[in-house]
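K.L.:
Before anything else, here's the structure in question.
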Amino acid sequence: MLFSYYMMRWKTMADGENAAGRWSLLGATALVTGGTKGIGHGIVEELARLGAAVHTCSRNEADLNKCLQKWEAEGFKVTGSICDVSSPDEREKLMEKVRSTFDGRLNILVCNAGTGILKPATLQTPEDYRYVMSINLDSAFHLSQLAYPHLKASGRASIVFISSVVGFMAVDYLSVYGASKGALNQLTRSLACEWAGDNIRTNCVAPGTIRTPLTEQKRVEHRVAVRFEGCNDDFVTKETHRIPLGRVGEPEEVAALVGFLCLPASRYINGQVICADGGRTVNGNI
């Protein structure tokens, strides 16, 4: 089978038999959730550019098809399927699709899909809480469980969670979002220790303010659904003076870090939560 060949080649490179392979994902297979927009889109392209065969998912079929056509034209090995990661049933169907696509072996799992509800803590409803947690935390844990046998079978694997600087610091009206990301940071450390013996590394990238299309704010009954990593012009103006580098980040700058954590060259990095925030979280001059 074609993917069996890819997996054999990937393992040879990862074992160091080819020095150049330390900086290549040629032959690796990857699942990236929420890969049609923003940071997720950048991650799909970064991994594909490094040589990986990537499967991604989206809730929006039109967005997915548009991206798949673009990636095919660019020569990237990317497949995709429709999935709402808030649903346990759909998560199981997604992993079955990945299993069949990659012959039961998976080198890389990137849990990128996420959301937040911008609302004072006193107004957050049980439905708000369940919705945010189901996407940000539950899906990451469940997909890791489902992917575990396939990651283990690959012989050398990497999980990367996409968290947020809001998992480290307080941001007004994002209490539930921050809690979900803080939990994701700890899940990273726990799995890193528990699964290291199976040659599965687990790390996490925590973006700060990143310029993405997720700046579109949809108001429904006074609820504003946003992703903190998304930002509009007013927010950029307020945040820029808090960022030592003096600007917001770009999706590809986060994707590059994710790509590195998946490379054989990073094989001694495990259990880390790394901020990609231009220095925002270490700046005392706020």
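The values are calculated or read from the model by the stated rules, or taken from the named source; none is laboratory data. As the structure is a prediction and not an experimental result, all values here were calculated from the model. Every residue, glycine among them, receives a Cβ derived from its backbone with ideal geometry; neighbour counts consider all protein chains shown. In case anyone asks, the SASA skips ligands and DNA or RNA and just uses the protein heavy atoms, side chains included. Shrake-Rupley method; radii C 1.70, N 1.55, O 1.52, S 1.80 Å.
K.L.:
Go through (1) surrounded by 15 or more Cβ atoms within 10 Å (Cβ to Cβ); (2) assigned to a loop (DSSP other than H, G, I, E, B) for residue 201 and report which single condition fails.
P.N.:
That leaves (2) as the condition not met.
K.L.:
Of the residues 158, 139, 134, 86, which single one is part of a loop (DSSP other than H, G, I, E, B) and closer than 25 Å to residue 210 by Cα?
P.N.:
86
K.L.:
Here is a list of conditions, (1) more than 25 Å from residue 131 (Cα to Cα); (2) aliphatic (A, V, I, L, M); (3) open to solvent by 20 Å² or more (accessible area, probe 1.4 Å), and residue 108 meets all of them except one; can you say which number that is?
P.N.:
(3)
K.L.:
Do the conditions hold for residue 247, that is, is it at pLDDT 90 or above, among the charged types (D, E, K, R), in a loop (DSSP other than H, G, I, E, B) and more than 16 Å from residue 37 (Cα to Cα)?
P.N.:
Working: at pLDDT 90 or above: yes; among the charged types (D, E, K, R): yes; in a loop (DSSP other than H, G, I, E, B): yes; more than 16 Å from residue 37 (Cα to Cα): yes.
It is true that residue 247 is at pLDDT 90 or above, among the charged types (D, E, K, R), in a loop (DSSP other than H, G, I, E, B) and more than 16 Å from residue 37 (Cα to Cα).
K.L.:
Next up: For residue 76, state whether it is buried (at least 18 other Cβ atoms within 10 Å of the Cβ), modelled with pLDDT of 95 or more, of a type outside the set (Gly, Ala, Ser) and in contact with a Ser or Thr (Cβ under 7 Å, 6 or more places away or on another chain).
P.N.:
Against the criterion (buried (at least 18 other Cβ atoms within 10 Å of the Cβ), modelled with pLDDT of 95 or more, of a type outside the set (Gly, Ala, Ser) and in contact with a Ser or Thr (Cβ under 7 Å, 6 or more places away or on another chain)), residue 76 does not qualify.
K.L.:
Follow-up question, since we're still on this one. Please specify each residue of segment 111-134 satisfying the condition of being out of contact with any Asp or Glu (no Cβ under 9 Å at 6 or more places or on another chain), more than 13 Å from residue 205 (Cα to Cα) and open to solvent by less than 10 Å² (accessible area, probe 1.4 Å).
P.N.:
Correct list: 116, 128, 132.
K.L.:
Pairs, please: C-beta under 8 Å, at least 6 apart or cross-chain, first residue free of Cβ contacts under 8 Å to residues at least 60 places away in the same chain and in segment 28-39, second buried (at least 24 other Cβ atoms within 10 Å of the Cβ) and in a loop (DSSP other than H, G, I, E, B)?
P.N.:
Listed by first residue and then by second, the contacts come to nothing, as the list is empty.
K.L.:
Ok, one more. Checking residue 69 against (1) open to solvent by 70 Å² or more (accessible area, probe 1.4 Å); (2) in contact (Cβ under 8 Å) with a residue 12 or more places away in the chain; (3) closer than 21 Å to residue 38 by Cβ, which test does it fail?
P.N.:
With (1) open to solvent by 70 Å² or more (accessible area, probe 1.4 Å); (2) in contact (Cβ under 8 Å) with a residue 12 or more places away in the chain; (3) closer than 21 Å to residue 38 by Cβ applied to residue 69, the lone miss is (2).
K.L.:
Looking at segment 17-30, can you tell me whether even one residue there is at pLDDT below 95, more than 23 Å from residue 88 (Cα to Cα) and of a type in the set (Asp, Glu)?
P.N.:
yes
K.L.:
Does residue 41 satisfy being at pLDDT 95 or above and either in a helix (DSSP H, G or I) or out of contact with any helix residue (DSSP H, G or I) (no Cβ under 7 Å at 6 or more places or on another chain) (or both)? Outline the logic, then answer.
P.N.:
Numbers: at pLDDT 95 or above: yes; either in a helix (DSSP H, G or I) or out of contact with any helix residue (DSSP H, G or I) (no Cβ under 7 Å at 6 or more places or on another chain) (or both): yes.
Here the answer is yes, as residue 41 does meet what is asked.
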